[in-house]
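A.B. asks: Take this structure first; my questions come after.
The values are calculated or read from the model by the stated rules, or taken from the named source; none is laboratory data. None of these values were measured; they are calculated from a predicted model. Methodologically, a virtual Cβ is constructed for each residue, glycine included, from the backbone with ideal geometry; neighbour enumeration extends over all protein chains shown. Note: areas computed on protein heavy atoms with side chains; ligands, DNA, RNA excluded. Shrake-Rupley method; radii C 1.70, N 1.55, O 1.52, S 1.80 Å.
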Amino acid sequence: MTFKQESLLIELELHLHKPEVRASKAELTRLISNDFIEFAASGCRFGKQEVLARLPDERAPLIEASQFEVRELYSGVCQVFYRAKLKKADENMTHFSMRSSIWRQHREIWQMVFHQGTPCRPFM
């Protein structure tokens, strides 16, 4: 994996945190694979259709991501790890999680095929 690929995957992960992207069904459809699965911090499992039905109507949380690591699982498939602080729009509480996403190159673009957020103790 090249530094350019690693940087691109981190950029894509951060791109999906932006309120305007989370509100865009077209952008979510482009970046999320049809066979996408998410295990949320709540313990629920979601597929692409649930994400498309839920995310655009949500008030986007503020997400601070840090300590990214990217590893190539095999050619065209990479895993991104990072820590996240999340503050929901209607809460004063900050939630902390360790996150992992798997991205697969599909033709010319990368698409997320898996995401998991696991709650953890607060960090700096």
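A.B. asks: Please give me the summed charge of the neighbours of PRO122: other residues whose Cβ is under 13 Å from its Cβ, Lys and Arg +1, Asp and Glu -1. Mind dumping the intermediate values first?
C.D. replies: Values: positive: ARG83, LYS85, LYS87, ARG121; negative: GLU64.
Net charge around PRO122: +3.
A.B. asks: Please give every one of the aspartates and glutamates within straight-line cross-link reach of LYS4, meaning a C-alpha to C-alpha distance under 14 Å, and leave out same-chain neighbours fewer than 8 residues apart.
C.D. replies: GLU69, GLU72
A.B. asks: For every other residue with a beta carbon closer than 12 angstrom to the beta carbon of TRP103, add +1 if it is Lys or Arg and -1 if Asp or Glu, then tell me the sum. Spell out each step's value before the answer.
C.D. replies: On the way: positive: ARG71, ARG104; negative: GLU6, GLU11, GLU13, GLU72.
That works out to -2.
A.B. asks: Still on this structure: Give the relative contact order (percent, whole number) for the range 78-124; include only Cα pairs under 8 Å separated by 6+ residues. Please list the in-between numbers first.
C.D. replies: Values: 80 pairs, mean separation 15.9, N = 47.
That works out to 34 percent.
A.B. asks: Taking only Cα atoms and a 10 Å spring cutoff, compute GNM fluctuations for the chain and point out the largest among GLN49, GLN79, GLN111.
C.D. replies: GLN49
A.B. asks: Among ILE63, ILE109, ILE32, which one shows the highest mean-square fluctuation when the chain is modelled as a Gaussian network with alpha-carbon springs under 10 Å?
C.D. replies: In the Gaussian network model the winner is ILE109.
A.B. asks: Then there is this: Ignoring ligands, DNA and RNA, what percent of the 1.4 Å accessible area of the range 56-122 is carbon and sulfur?
C.D. replies: Working: 1960 of 4250 Å².
C and S atoms contribute 46 percent here.
A.B. asks: How large, in Å, is the range 41-119 by the Kirkwood hydrodynamic radius built from its alpha-carbon pairs? Walk me through the numbers on the way to the answer.
C.D. replies: On the way: mean 1/r = 0.0712 Å⁻¹.
Value: 14.0 Å, from the Cα pair sum.
A.B. asks: Could I ask something else about it? Taking only protein heavy atoms into account and a 1.4 Å probe, give the accessible area per residue of the range 43-124 in Å². Please report the intermediate quantities before stating the final value.
C.D. replies: On the way: 5230 Å² over 82 residues.
On a per-residue basis, 64 Å².
A.B. asks: Given a cut-off of under 8 Å on Cα pairs at least six residues apart, what relative contact order in percent is computed for the chain? If you can, show how the numbers build up before the last one.
C.D. replies: Numbers: 218 pairs, mean separation 29.8, N = 124.
Relative CO of the chain lands at 24 percent.
A.B. asks: Which semi-axis lengths, in whole Å and largest first, follow from the square roots of five times the eigenvalues of the Cα gyration tensor of the range 1-80? Don't skip to the answer; put the middle values down first.
C.D. replies: Numbers: eigenvalues 101, 45, 34 Å².
Working through the eigenvalues yields semi-axes of 22, 15, 13 Å.
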